[in-house]
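What follows draws every value from the coordinates through simple rules; no lab data is involved. Since this is a predicted model, take the numbers as computed values, not measurements. Please note: Cβ atoms are built from the backbone with ideal geometry, for glycine as well, and neighbour counts cover all protein chains shown.
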C-alpha cells in the first residue's frame, strides 16, 4: 500500500460525476446544444444570414429525429430516457424563443419545409460530429441522369433537320481567356461568391451598368420604357448573359424578346411555366412580328419546326429535350428561373443540359434567366441559375468570371474580396430594378393581359359549348332569313338581322329559356381559369409581396384559397356573406400581418369601399361585364397612399369568348371617359357587352361558313 506523499503509478478511476459528465458530452445532443447557442447569438445580433437559417433548420430536424429515437430505444433506462428528453426539450425551447425573435424562421419548422442540399450536407456533418453514421437518404449525392419515359420529334422538326442536315457550330464570337487564373487556382471560390451577396451592405449596387439607349422605338410603332431600352442596348453592344430580376410589371418578356433580336439570337428557345406559355407567343407577335413564334403543346403535333422562336413549358420539356438540343439554338431564355433552383429536379437537369448544348454549338450565345425572385430560401438558390448562364460549373467559376475575379488582385482571405467579387458577378449580367426605382418610366396604373391556354378536358368542353352556341345562333339567323317576307335583300351577311338574333338570344338568356348561354360559358371559363390564375398570383406573391386576387364566383375563390394553402401562402378572404366583424378582421389581417400574402376578394362584395394599397399588384381571375366594375376593383389598390405604380394582371382564356369580351370591355372604356368629360355619348352597360359578344360570335360563325 503506497504511503502518504508517495507518487501513485496506477490510472485513477473517474468519479461517478466525471463519468456522467463525459457521458453527457457523447452523442448528438451536445452538438445540437452548441449549434443552437450559435444560432441564438446570431439572431440576437440581428445577423440572420442564410447559413444561420440553414443551421436553425438542421437543429430542428435533428431534435425531432433524436426525440423519436430516444423514445423508441428500449435499451435506455427510464431515468436516462427522461434525462435525454429533458435536454432535447431545452434545445427545442431555445429554438422556439429564437423563432419568436425572428418570425421568418417559423416556416423552417414546418414538417414539409424544403431541405436544401446545403442543409443536408450540414446535417451529415453534425451527425458525424456526434458519432452517428448518417442514414443513406441523408447523404447528398449527385442525381443520376434522368431517363425520359417518352421522347418525341415532331414531323415539322424532322423537315427542318432534313432541310439543314449539316448544322455547323458557330465559333465566330470566340473570346479567349485573358489569364491563367494562377493566383486563385487553389482557392475554393463558389462559397465566397455566394457569401458575398449575403454580406453586401445597404446601398450596395444590385444592377450592372447599362448603356443609354439610342432610341425608345420598337417594331410596329411601339415604344419601350427607358429601363427596358437600356437592357436591349446592352445586348446590342455585345453583352450576352443576363439574370434579369426586375420586379413583375416592368416588362421582362419584351426586354428578352428585343434583346434576342438585337443579338441576332435566332433560333431562340424559351422555357416557361405553363400559365404564361400563350402570353409569350402573343408578346413575340407584338414586339418582334418579323420573327415567327411557335408553341410546343403536348407531343408537339402543331409545332412549326421552321419558326424563329420556340416556346415550351417546363411540364413537357422531358419529351422534347432531345430534338431541342439538336436544333441549333443561338439563344435561350428561362422564364421564372427560380423554378430550376433545385438541381436534383428533372426540369432543372433538362434546362442545364440544354444550356450546355447551346453553348457547345454557339460561342457566346444569348442566355437570359428571368425571375422576380432570384432568391427564395437560401443564397445557393443562385447556383443553378449561374450554371445555366455559364458563369460557373459544379465546382468553380468558369473562364469569364474567373478572369474578372483575377483582375481584382484579391483572394478570399483579403478584406476587400467579398465586395469586389460581388461587383464582378453583377457585371456578368445581373439586372435588378424595382417599380419604385423606375416609377417615372411606367404608368401609375396599367392593365396587363395574361392569356392562358385551357388545354385540359374543361377547356375542350368550353370550346365545344361555344361552337354549339354559335351553331344555334346560325340556325336562328338562317330560319329568320328564310321566313322573312319583307325588307330589303342584303348581299352577304345581314348585320341588322345579326343584331336582332343576338338580342333574341340575350332575352332568352335573361328569362332562363336558353340552353348553354354566354353567362354559363363565362362562369365555366372562370372555373377553368381559377387554378392558373391562383398559380400566377402565388408567383407574384413570392416575387413582390402582397397581392389582391379578385373573382366573381365563390367556387373560383375557393379554388384560389386552396391553391394558396398548398403553396404555403396565407390568404385572407373578403366575401359578401361575411359579418361586418369577420370582414374587418380579414381586411386588417391583410393590411397588418406580414405573413398574409394574398387577399382573395369578391368582385362584387369587395370592389368598393376598401383600401388595400399595401399591395401594388392585383389579379383579375374573371372578367367583369363593364370597365367600371373592373376599374373599381383596381382602385382598391390604386388610391391615395399608394407609393408604387399599380399593375392589374387580367387572366384571359385564349381561343375562347373570354378574349372577345376583354376587347369589348376595353373598347367601351373610352365611352365612359368621354361621357364623364361632358360628351353626350351614352355610357355602355353590361347588357351592351353581352349583346356585342353574341354579335361577334354569330358574325364570326357566318364568316367562317361563307
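Equivalent ellipsoid semi-axes for the range 520-684, as square roots of 5 times the alpha carbon gyration tensor eigenvalues: give them largest first, rounded to whole Å.
Semi-axes (√(5λ), whole Å): 26, 19, 14.
Taking Rh as the Kirkwood radius, which is the inverse of the mean 1/r over Cα pairs, what is the Rg/Rh value for the range 577-640?
Dividing the radius of gyration by the Kirkwood radius yields 0.95.
Quick one: 77, 156, 461, fewest Cβ neighbours within 10 Å first, how do they rank?
77, 461, 156
Using alpha carbon centroids, what distance separates the range 72-107 and the range 215-286, in Å?
Their Cα centres are 52 Å away from one another.
Using packing as a proxy for protection, rank 237-243, 255-261, 445-451 so that the peptide with the highest average count of other Cβ atoms within 10 Å comes first.
Highest-to-lowest ranking by the protection proxy: 255-261, 237-243, 445-451.
I need the peptides 542-552, 470-480 ranked by packing, meaning the mean over residues of other C-beta atoms within 10 angstrom, with the highest value on top.
Ranked from most to least packed, the peptides come out as 542-552, 470-480.
Place the peptides 490-502, 563-575 in order of packing, highest mean first, counting for every residue the other Cβ atoms within 10 Å and averaging per peptide.
Going by the mean number of other Cβ atoms within 10 Å, highest first, we get 563-575, 490-502.
Just want the ordering: 209, 627, 441, from fewest to most Cβ atoms lying within 10 Å of their own Cβ.
209, 441, 627
Please provide three numbers in whole Å: the alpha-carbon extents of the range 363-487 along the principal axes, with the largest listed first.
95, 37, 32
Assuming 1.567 mPa s and 4 °C, estimate D for the range 306-349 with Stokes-Einstein, Rh taken as the Kirkwood radius over Cα pairs, in µm²/s.
In µm²/s, the coefficient is 111.
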